[in-house]
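Student: Sharing a structure below in structure tokens format, with a few things to ask.
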Amino acid sequence: MDTKVWKVDNRDNIEAYKEAASLLKQGEVVAFPTETVYGLGANALDDEAVRKIFQAKQRPADNPLIVHVASDGQWRTRVRAIPDYAEILIERFWPGPLTLILPMIDGALSPVVTAGLPTAGFRMPDHPAALRLIAEAGVPIAAPSANRSGKPSPTRAEHVLDDLYGRIAGILDGGSTGIGVESTVVDATGKRPVILRPGGYSIEQLREWVPVDEKRSVYARDDAVYGEEDSGAMPPRSPGMKYRHYSTEGELFVVYGTSEARIHYIKKQAAERQSAGQRVGILTFDENRNEYPAGEVLSLGPANDLTVAGRRLYDSLRLFDARGVQAIWAEAIPEEGVGVALMNRLLKAAGGRAIRLDT
Ligand code: TXA
Ligand code: MG
């Protein structure tokens, strides 16, 4: 398949949107930028079209997709109930990196989108290209992140093309995405909102407006619920969270501890691997950038401004792959604000390989 690339910027680009929307209406899949990561879209009402997303990404069929909307009408008519707290969240945080899981009216979307669940995840992205494409298509657009299943999510059009060139009908290239980590997924089917996946909006931001059920919510480590002894408090997980995600080709380790301890440990480990003939990678922050004399060293920016880290995390993981790195050590990201979501993704990428030097 020929994959079309349309550059979109702040100007009109009328033809690009028309062509992309018309392919969506014909049942093809098209990638587009959002404020979080690139999405791979298809008409959420068309079974065959949605199946193409799963095929292109090689995504397991039991992992439901988020439905992207550009207007109220595209989702309100499809849900059975909207709790008051969900109305507050929508008022306050849409458009933006928030996905709400709501009880769906039977048959309101293709069952392929929801993997047969009675609920559906909706989100109104805060990106002009995404909103325009969805509005032009005139249907709700099912879209997971536009990466091959298991790989880091794409934050630039090149990432999408690396993974999916020849497998999708086209991509709107809107440059780098702003936030760089996916939306916060909130279960809005119960009495109180539960965070199923930390993301672009922090728990602190949501908590300011609604009574988040913090006991059942997921933080950086979603294999452990806070208050581990009480395993009865396990929240109903987002189905997608059980799969291998964001993986690098090389073995990745996350290192916790004081800055000094981390530097010392990583330098020693990296030197050992290098003398065994391996290529090594180190993911650090600007403050420690010059502490590492050898290897592929990438910085996530200043440790006290994680907006930069968000924009760089997935790109860095992909860069390590491109450079053939066989072992990577990543300094732990401060778990504050969006750092909770970034650590959640980093720990997943590491498949749980965490090293704690402070205990
Ligand atoms: O920022 C984002 O959310 C990006 C952009 C493209 O919008 N999309 C994204 O989609 O990250 P995806 O498919 O990579 O992740 C969707 C997550 C998965 O963990 C999935 O299991 C969960 O949302 N999800 C979708 N529908 C659900 C439902 N009905 N119940 C529970 N979890 C659901
Ligand atoms: Mg994804």
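Student: For Arg156, are the conditions met, namely being away from ligand 1 (no atom under 13 Å from the Cβ) and open to solvent by 20 Å² or more (accessible area, probe 1.4 Å)?
Tutor: Spelling it out, Arg156 is indeed away from ligand 1 (no atom under 13 Å from the Cβ) and open to solvent by 20 Å² or more (accessible area, probe 1.4 Å).
Student: Tell me yes or no: at least one residue of the stretch 39-56 is closer than 21 Å to Arg156 by Cβ and assigned to a loop (DSSP other than H, G, I, E, B).
Tutor: no
Listed here are the residues, each with its yes/no results for (1) closer than 20 Å to Thr155 by Cβ; (2) touching a Gly at 6+ places or on another chain (Cβ under 7 Å); (3) at pLDDT below 95.
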{"residue": "Gly295", "(1), (2), (3)": "no, yes, yes"}
{"residue": "Ser299", "(1), (2), (3)": "yes, no, no"}
{"residue": "Pro302", "(1), (2), (3)": "yes, no, no"}
{"residue": "Arg311", "(1), (2), (3)": "yes, yes, no"}
{"residue": "Arg318", "(1), (2), (3)": "yes, no, no"}
{"residue": "Gln326", "(1), (2), (3)": "no, yes, no"}
{"residue": "Ala332", "(1), (2), (3)": "no, no, no"}
{"residue": "Val340", "(1), (2), (3)": "yes, no, no"}
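Student: Please name all residue pairs, on different chains or six or more residues apart, with Cβ atoms under 8 Å, provided the first residue is in the stretch 125-145 and is on the phi > 0 side of the Ramachandran plot and the second residue is of a type outside the set (S, T, N, Q).
Tutor: Gly138/Ala21; Gly138/Lys25
Student: Could you look through the stretch 38-64, keep only residues that are of a type in the set (A, V, I, L, M, F, W, C) and open to solvent by 10 Å² or more (accessible area, probe 1.4 Å), and pick out the one that is modelled with the lowest pLDDT?
Tutor: Restricting to residues being of a type in the set (A, V, I, L, M, F, W, C) and open to solvent by 10 Å² or more (accessible area, probe 1.4 Å), the top hit is Ala61.
This table checks each residue for (1) open to solvent by 30 Å² or more (accessible area, probe 1.4 Å); (2) at pLDDT below 95; (3) more than 16 Å from ligand 2 (Cβ to nearest atom).
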| position | (1), (2), (3) |
| --- | --- |
| Ser71 | yes, no, yes |
| Trp75 | no, no, yes |
| Arg78 | yes, no, yes |
| Ile90 | no, no, yes |
| Phe93 | no, no, yes |
| Gly96 | no, no, yes |
| Val113 | no, no, no |
| Arg123 | no, no, no |
| Pro128 | yes, no, yes |
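Student: List the number of the failed condition for Gly150; all other conditions in (1) crowded, with 20+ Cβ neighbours inside 10 Å; (2) over 19 Å from Glu35 (Cα atoms) hold.
Tutor: (1)
Student: Mind counting the residues in the stretch 206-241 that are modelled with pLDDT of 65 or more and of a type in the set (D, E, K, R)?
Tutor: So the answer is 8.
Student: Right, something else. Does Ile82 satisfy being within 16 Å of ligand 2 (Cβ to nearest atom), part of a loop (DSSP other than H, G, I, E, B) and among the hydrophobic types (A, V, I, L, M, F, W, C)?
Tutor: For Ile82, the condition - within 16 Å of ligand 2 (Cβ to nearest atom), part of a loop (DSSP other than H, G, I, E, B) and among the hydrophobic types (A, V, I, L, M, F, W, C) - is not met.
Student: Kindly provide the set of residues from the stretch 247-299 that are among the acidic types (Asp, Glu), touching a residue at least 24 places away in the same chain (Cβ under 8 Å), over 19 Å from Leu347 (Cβ atoms) and in contact with a strand residue (DSSP E or B) (Cβ under 7 Å, 6 or more places away or on another chain), ordered by number.
Tutor: The answer is Glu296, and nothing else.
Student: Write out, first by first residue and then by second, each pair whose Cβ atoms fall under 7 Å of each other, whose residues are 6+ apart or on separate chains, and whose first residue, in the stretch 307-320, is closer than 17 Å to Thr184 by Cα while the second is open to solvent by 30 Å² or more (accessible area, probe 1.4 Å) and of a type outside the set (A, V, I, L, M, F, W, C).
Tutor: If the second residue must be open to solvent by 30 Å² or more (accessible area, probe 1.4 Å) and of a type outside the set (A, V, I, L, M, F, W, C), the pairs left are Arg311/Ser176.
Student: Is it fair to say Thr77 is closer than 17 Å to Glu204 by Cα and hydroxyl-bearing (Ser, Thr, Tyr)?
Tutor: For Thr77, the condition - closer than 17 Å to Glu204 by Cα and hydroxyl-bearing (Ser, Thr, Tyr) - is not met.
Student: Among the numbered criteria (1) surrounded by fewer than 20 Cβ atoms within 10 Å (Cβ to Cβ); (2) more than 16 Å from Glu182 (Cα to Cα); (3) among the β-branched types (Val, Ile, Thr), which one does Val325 miss?
Tutor: (1)
Student: Checking Ala31 against (1) away from ligand 2 (no atom under 16 Å from the Cβ); (2) within 18 Å of Ile171 (Cβ to Cβ), which test does it fail?
Tutor: Checking Ala31 against (1) away from ligand 2 (no atom under 16 Å from the Cβ); (2) within 18 Å of Ile171 (Cβ to Cβ), the one that fails is (1).
Student: Also: Mind listing just one residue for me: the one in the stretch 170-194 that is away from ligand 1 (no atom under 11 Å from the Cβ) and open to solvent by less than 10 Å² (accessible area, probe 1.4 Å) and, of those, farthest from Leu306 (Cα to Cα)?
Tutor: Checking each candidate, the answer is Gly170.
Student: Criterion first (open to solvent by less than 30 Å² (accessible area, probe 1.4 Å), out of contact with any Gly (no Cβ under 6 Å at 6 or more places or on another chain) and aliphatic (A, V, I, L, M)) does Ala349 satisfy it?
Tutor: yes
The values are calculated or read from the model by the stated rules, or taken from the named source; none is laboratory data. The shown structure was predicted, so the numbers you read here are calculated from the model rather than taken from an experiment. Positions of Cβ are backbone-derived with ideal geometry, glycine not excepted, and every protein chain shown enters the neighbour counts. Ligands, DNA and RNA are stripped out before the accessible areas are found, and what is left, the full protein with its side chains, is counted by its heavy atoms. Shrake-Rupley method; radii C 1.70, N 1.55, O 1.52, S 1.80 Å.
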